[in-house]
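Visitor: Please read through the structure below; I'll follow up with questions.
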Amino acid sequence: MTVAEVRPAAGPLSGATRVPPDKSISHRAAILAALADGTSRIRGYSPAGDCAATLSVLRALGVDVRRGGDDVTIEGQGDREFSPPPDALDCERSGTTMRLMAGALAGRPLRVVLTGDPQLRRRPMDRVADPLARMGARIETDDGRAPVELDGGQLHGIDYASPVSSAQVKSALLLAGLRASGTTSLTEPHPSRDHTERMLAAMGAPIESGPGRASVRAGALSAVDVTIPGDLSSAAPLLAAAALLPGSDLTVTGVGVNPTRAGFLRVLQRMGADVQVLSTNADVSAGDGAGGEPVADVRVRPTPLRSTAIDASEAPSMIDEVPLIGVLATRAEGRTQVRGVADLRMKESDRIAALVTGLRALGARIEEAPDGFVVEGPTRLAGGPCDA
Ligand code: S3P
């Protein structure tokens, strides 16, 4: 067990900083580059273990992936098929790798097994296996979980009303749709992050999309030269700390602010924090070198915070930042209600239970709900043990 000891900050958090490159966009850049015609260059690939797992899965399929410093160069397969991997494809702890690769491989004449570490093998994979099977893939799970056995082949497009708002499910279907006959369409209850749609468009795929819907037809992808923006999920804890620490004035530069992903910034603003989104490339277009992603500098200064409410319609745009909203709520005046985030129980850990137990141990007034939590604020948190 790793133990980290955290003490209260001695002063404000001020200055400008960068954060590591975006994980979600890095996974997509690598997978789409592997499917494209020609050589793609990805500048500033995420150093996260999950994104390394995607590269090693691609290498196991015979893709020429070269990593030098922060950059990754990938020779796309184009019309060529992947090579049969010698072993099961190990997605380690990465749900994004497993779900997106299941989609990318479903329409290819190849037998593969996708597996991962025990934590990943506990997470639901039927949410991608079911729609892929409806497209004609022969796909088996272990009672809805990994290992996922896939015997890929000819697929046909479907019109799928996804019961979950999940970018991983949506992306798996869009990737499968690139190899299917006809059109593959998906709607989701509430819009999830659209990084896949933007990058597919940047690579010339026949894709159409709008809030909560996307459709794609079979088509070739062109190689790209793309720079990955900073990860808003990595910026969020720093921005939250700056919003709480008196006297702070923090700017995170070059961070991705895609609206389908930036719900956290909107909530921070709504809670009263002084949030400025500066120097954006707001007129972003598909071929601009950022994979069609808006990038900005985000500046935060503290002000007294007030409570807020979050429901299922907003949840996907900030799904990984919801625990931080729980922390902010402990310092906000009033009752903050977060509902419609039951999917957080199916992440790497049950993030609702972990948050409630952890914050309570530090003195927060927080109640658990099946699909979220309620925080009464403000309370002063005190040091204590917290199992992360
Ligand atoms: C991700 C989508 C989200 C998110 C995860 C990364 C992605 O998961 O929580 O960290 O890269 O598509 P879901 O699609 O399961 O909501």
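Here's the yes/no breakdown for (1) open to solvent by 10 Å² or more (accessible area, probe 1.4 Å); (2) farther than 12 Å from Ala146 by Cα:
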site	(1), (2)
Ala33	no, yes
Gly38	yes, yes
Gly44	yes, yes
Arg59	yes, yes
Arg66	yes, yes
Asp71	yes, yes
Gly103	no, yes
Gln119	yes, no
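Visitor: In addition: Condition check: in a helix (DSSP H, G or I), modelled with pLDDT of 95 or more and within 24 Å of Ser26 (Cβ to Cβ). Does Val148 satisfy that?
Guide: no
Visitor: Same structure again: Please name all residue pairs, on different chains or six or more residues apart, with Cβ atoms under 6 Å, provided the first residue is in the range 23-44 and is more than 16 Å from the ligand (Cβ to nearest atom) and of a type in the set (A, V, I, L, M, F, W, C) and the second residue is part of a helix (DSSP H, G or I) and open to solvent by less than 10 Å² (accessible area, probe 1.4 Å).
Guide: Hits for this filter: Ala34/Leu58.
Visitor: Now, a different point. Which residue pairs have Cβ atoms under 6 Å apart, sit 6 or more places apart or on different chains, and have a first residue in the range 145-170 that is hydroxyl-bearing (Ser, Thr, Tyr) and a second that is within 15 Å of the ligand (Cβ to nearest atom) and open to solvent by 40 Å² or more (accessible area, probe 1.4 Å)?
Guide: Ser165/Pro189; Ser165/His190
Okay, residues lined up against (1) modelled with pLDDT under 95; (2) within 23 Å of Glu333 (Cβ to Cβ); (3) buried (at least 16 other Cβ atoms within 10 Å of the Cβ):
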residue	(1), (2), (3)
Ile228	no, no, yes
Ala235	no, no, yes
Thr260	no, no, yes
Asp274	no, yes, no
Thr280	yes, no, no
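Visitor: Restricting attention to the range 344-368, which residues are open to solvent by 40 Å² or more (accessible area, probe 1.4 Å) and of a type in the set (Val, Ile, Thr)?
Guide: The answer is Thr357, and nothing else.
Visitor: Between a first residue in the range 228-242 that is in contact (Cβ under 8 Å) with a residue 60 or more places away in the chain and a second residue that is assigned to a helix (DSSP H, G or I) and among the basic types (Lys, Arg), which pairs have beta carbons less than 7 Å apart while being 6 or more apart in sequence or on different chains?
Guide: If the second residue must be assigned to a helix (DSSP H, G or I) and among the basic types (Lys, Arg), the pairs left are Asp231/Lys23.
Visitor: How many residues does the range 148-176 hold that are buried (at least 19 other Cβ atoms within 10 Å of the Cβ) and away from the ligand (no atom under 16 Å from the Cβ)?
Guide: The qualifying residues number 5.
Visitor: For Pro206, state whether it is farther than 26 Å from Asp50 by Cα, open to solvent by 30 Å² or more (accessible area, probe 1.4 Å) and within 13 Å of the ligand (Cβ to nearest atom).
Guide: no
Visitor: Consider the range 17-31. How many of its residues are among the β-branched types (Val, Ile, Thr) and either open to solvent by 10 Å² or more (accessible area, probe 1.4 Å) or in contact with a Cys (Cβ under 8 Å, 6 or more places away or on another chain) (or both)?
Guide: Qualifying residue count, the range 17-31: 2.
Visitor: Working carefully through the options Ala354, Ala332, Ala369, Ala388, find the one that is within 28 Å of the chain's Cα centre (by Cα) and at pLDDT below 95.
Guide: Being within 28 Å of the chain's Cα centre (by Cα) and at pLDDT below 95 holds for just one of Ala354, Ala332, Ala369, Ala388, which is Ala388.
Visitor: Any idea which of Ser233, Ser185, Ser192 is away from the ligand (no atom under 16 Å from the Cβ) and not hydrophobic (A, V, I, L, M, F, W, C)?
Guide: Of the residues listed, the single one that is away from the ligand (no atom under 16 Å from the Cβ) and not hydrophobic (A, V, I, L, M, F, W, C) is Ser185.
Visitor: Could you check Gly136 against (1) crowded, with 16+ Cβ neighbours inside 10 Å; (2) within 15 Å of the ligand (Cβ to nearest atom); (3) not acidic (Asp, Glu) and say which number it fails?
Guide: Looking at each condition in turn, Gly136 falls short on (2).
The values are calculated or read from the model by the stated rules, or taken from the named source; none is laboratory data. Here the structure is a predicted model, which means the values were calculated and not measured. In this analysis, Cβ positions are derived from the backbone assuming ideal geometry, glycine residues included, and neighbour counts consider all displayed protein chains. We work out accessible area using only protein heavy atoms, side chains counted, and drop any ligands, DNA or RNA first. Shrake-Rupley method; radii C 1.70, N 1.55, O 1.52, S 1.80 Å.
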